[in-house]
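Just below is one structure, and these are the notes that go with it.
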Amino acid sequence: MRPPKLLLTLLLLVLLHPAAGQTDRLTYHGTDPYAALNEARSQGKPLLVEFYADWNHRSRWMSSHVLSDSAVRNLIENRFIPVQVPTGTPQGAELARIYEVTSYPAILIFHPGGDVLDKIDTTLDPEDFEQRLRALLMTTQGYGTWRLRRVYTAAESGDPAATDAAMRAFLHGQLPQDLANSVVWPLFENSIVMRSDSPAFEYLTTHIETFRHAIGRETVDAALEEALRAGLLPEVVGSRPYSATASAALVETARRLELSALPSMQAMADVAALRQGDDLDLFTARVGLLMAMLPEPYSLPLALSLETVAARGSRDTRKTARELVDDLLNRLRSPAQIEMLHSLRERLE
């Protein structure tokens, strides 16, 4: 006799969904940071104190999307003693007053000896948060890399000049074999730190074989390729004046480093040059090919580069450009991006 359909449905639910009580949330060592500090001292680990306010959207978001991210969660549970202080309780509110918590998120990191190492009061994505914690771990492990924290802080502010200055200070006197490790490497994957004209890029290309051996060629080359593409993109889309010399230099760098992205880099340089001319039919066709060659995040800026077709293109060229825009519209999900492309499409009519 076959089991009833209801029983089969319940069985599927049990198999496909986590058991009751199972959670992917961070496991905390209680709500009392003073008690947890004793444990931190005994284990020689930093104490991470999350001041949590369930009425605050940013506090909830950091807790559910960042601290509960699998990579972040594993790092914290293995290398820190985490505590969550609910500020809605009298005890939590008093602790928030003592440590001057006036906004959220509010996450304090304490040395096992009790000194405050860092206060994170900015909403970060999981990757940036993990990088910040790894930088702190290096500090507590005695590597003297408080300079590394300064690089991340400058990068979080979005200031390339300050980031480059902090990066130069960090790199000064450092041996490449000491930096080619899993703790420092995420710094070279930060888009503000790792630009084609940055000291980080120069350092990495100078010591590329050391990093390829320690980190892996595919990973290192991906960071270099992303920096080179980002460096050439403004000339492709017209947000920076075209320079044949600068474009050729970026392509030559990809060739010298034997990067697999060389064909797409050359294609980007060709499109940047075509943008300056009158053959908009060829320009539009090459933009379409480039959209197929590059990673998906590049599709939107490439589509927006067709603005020059809206201004100067023939009817047939504008029709081809509209088809590229329509194809991208079918793949986008962001309302803001869709609105931008609809506006462009109207100008291409």
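Over segment 59-100, all Cα pairs binned in 10 Å intervals from 0 give whole-percent P(r) values of 26, 42, 30, 1, listed from short to long. Convex hull volume per residue, computed on the Cα atoms of segment 193-307, equals 99 Å³.
Loop-resident chymotrypsin sites (Phe, Trp or Tyr not before Pro) (DSSP state other than H, G, I, E or B) in segment 25-100 with no more than 11 further Cβ atoms inside 10 Å of their Cβ: Trp55. Per residue, the accessible area of the chain comes to 52 Å², computed with a 1.4 Å probe over protein heavy atoms only. Rounded to the nearest 20, the Cβ-based charge dipole of the chain about its Cα centre (Lys and Arg +1, Asp and Glu -1) stands at 500 debye.
Computed from the alpha carbon positions, the gyration tensor of segment 151-192 leads to an equivalent ellipsoid with semi-axes of 19, 12, 6 Å, biggest first. Compactness of segment 95-198, taken as the C-alpha radius of gyration over 2.2 N^0.38 Å, stands at 1.12.
A Förster radius of 41 Å, combined with the Cβ-Cβ distance separating Thr245 from Lys119, puts the computed FRET efficiency at roughly 0.35. What's the carbon and sulfur percent of segment 35-132's accessible surface, probe 1.4 angstrom, rounded to a whole number? Accessible surface attributable to carbon and sulfur in segment 35-132 totals 46 percent. In the chain, the C-alpha radius of gyration followed by the widest Cα-Cα span (Dmax) gives 25.4, 78 angstrom.
Residues Asp128, Asp221, Asp54 ordered from highest to lowest accessible area at a 1.4 Å probe: Asp54, Asp128, Asp221.
The values are calculated or read from the model by the stated rules, or taken from the named source; none is laboratory data. Since the model is a prediction, treat every value here as computed from it, not as a measurement. Here Cβ is always computed from backbone atoms with ideal geometry, including for glycine, and neighbour counts include all displayed protein chains. Remember, those area values only see protein heavy atoms, side chains included, never the ligands or the DNA or RNA. Shrake-Rupley method; radii C 1.70, N 1.55, O 1.52, S 1.80 Å.
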